[in-house]
Amino acid sequence: MGKKAIKNVIKNRPIAILLFLPAICTLILIATWSVGMKEIELPYLTAKSIMVVNCENGKTLYEKDASTPRPPASITKLMTLLLVFEDLENGKIGWDDTFLVTPEQADTKGSKYGIKPGEELTVRQLVAGVSMASGCDCVQCLVSMCAEDEESFVRRMNKKADELDMQGTHFSNATGIDAIDQYMTAQDVARLSETLIETYPEILDFTSAPELDIDGRIFKNINVLVGEDERVLGLKTGTTAMSGYSLVTYAEKNGRHSLIVLLDSNNDWTRYAETQTILDAVYGANP
């Protein structure tokens, strides 16, 4: 390189630095966020399986018996929703498509939103009924729109689990009602939850809302932390006799995102209290 070229480089260096400054700042911020969430220590928690993940870099911040398969209850519905969103993306169904409820869907087992035979609901309303109210009745409506029957839909669920390398997971129904061959690990729940949020972030439009009015129908979020703790953006509750009280939480503070999976806590109140204990450990005490 000649002297003239060297002088030009030196002369233009301030301009080059200014041009690259925004990118440099972004990299510094990303590095700060990633480092800012470190592995955490927790007191004794009743949840039998726990998984805490830094969503910025995928690092595990804490885990407890996270590879043991357990009954997932309504956390199963995260896989159901993932497949519904896939069908929305590929045009198989549309947000404003409607479904006429039959007695079969209205009377399904498990928790219900409360639809009645003869009512007509849109896909948007049904998704809200699943993601906010954990309605098994709404699940069955969506399954009927997306597959020939629940059995074929469940085959697709298991195929998707294999694609996501969820080795400790098997589904036998789309709602999460107790069954011997229905199980998930906390690790798999975390992987599924991250995939759903990253691929279809619009799910958070439902899970982060305490209440939604969709075309005159009201949907209330049964997750008591939503609206009460500003760090919490959803994601899914799960409760059955076999599964105990479980909770998946997607959280954010100052641009830092984390995912918390609790499987089989002692009771309803405990799963929320233990989640907040973990949130405080990750982000610092909530003022």
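Every read-out reported here was derived from the displayed coordinates using simple, explicitly stated rules and does not represent laboratory data. Just so it is clear, the structure is predicted and the values come from calculations on it, not from any experiment. Cβ: placed from backbone, ideal geometry, glycine included. Neighbour counts: every protein chain shown.
Put a dot 7 Å past the Cα of Gln167, heading toward its Cβ, do the same for Glu120, and the two dots end up 5.0 nm apart. For Glu56, nonlocal amide neighbours, meaning residues 5 or more places apart or on other chains whose placed amide H falls under 5 Å from its own, are His257.
Distance between the 7 Å Cα→Cβ label points at Val224 and Ala179: 3.1 nm.
Selection among Leu81, Thr122, Ala179 by position relative to the dipole of region 39-283 gives Ala179 as farthest towards the positive end (Cβ unit charges, Cα centre). For the options Gly216, Gly238, Gly110, a Gaussian network treatment of the chain with springs between C-alpha atoms closer than 10 Å singles out Gly216 as fluctuating the most. In a reduced charge model with +1 at each Lys and Arg Cβ and -1 at each Asp and Glu Cβ, region 39-283 shows a dipole moment near 400 debye about its Cα centre. Once the Cα atoms are used to define both axes, helix 136-146 deviates from the longest principal axis of the chain by about 80 degrees.
From the cross-link list Lys64/Lys253; Lys109/Lys159; Lys38/Lys64; Lys116/Lys220; Lys160/Lys220; Lys59/Lys159, which pairs have alpha carbons spaced over 20 Å apart? Among Lys64/Lys253; Lys109/Lys159; Lys38/Lys64; Lys116/Lys220; Lys160/Lys220; Lys59/Lys159, the Cα-Cα distance tops 20 Å for Lys64/Lys253; Lys109/Lys159; Lys160/Lys220; Lys59/Lys159. GNM remark for the chain: springs join alpha carbons under 10 Å apart, and the peak mean-square fluctuation among Pro210, Pro103, Pro69 falls on Pro103. Bridgeable aspartates and glutamates around Lys112 (alpha carbons under 14 Å apart, same-chain partners fewer than 8 residues away excluded): Glu104, Asp137. As a rough footprinting exposure proxy, the listed residues Glu89, Glu56 were ranked by other beta carbons within 10 Å of their own, and the order from fewest upward is Glu89, Glu56.
Applying 1/(1 + (r/R0)^6) with R0 = 25 Å to the Cβ-Cβ distance of Glu148 and Arg217 gives a FRET efficiency near 0.35. Residues whose amide H falls under 5 Å from that of Tyr245, counting only those 5 or more places apart or on a different chain, are Asp264, Ser265, with hydrogens built in the peptide plane. With both labels modelled 7 Å from their Cα along Cα-to-Cβ, the Ala273 to Lys109 distance reads 3.2 nm.
Can you give me the angle between helix 77-89 and the longest principal axis of the chain, using Cα atoms only, in degrees from 0 to 90, rounded to the nearest 10? With both axes taken from Cα atoms, the answer is about 70 degrees. Given DSSP loops and a limit of at most 14 other Cβ atoms within 10 Å, what is the longest stretch of the chain that contains no such chymotrypsin sites (Phe, Trp or Tyr not before Pro)? Answer from the scan: 96-287. Based on Cα contacts under 8 Å between residues 6+ apart, the chain shows a relative contact order of 22 percent.
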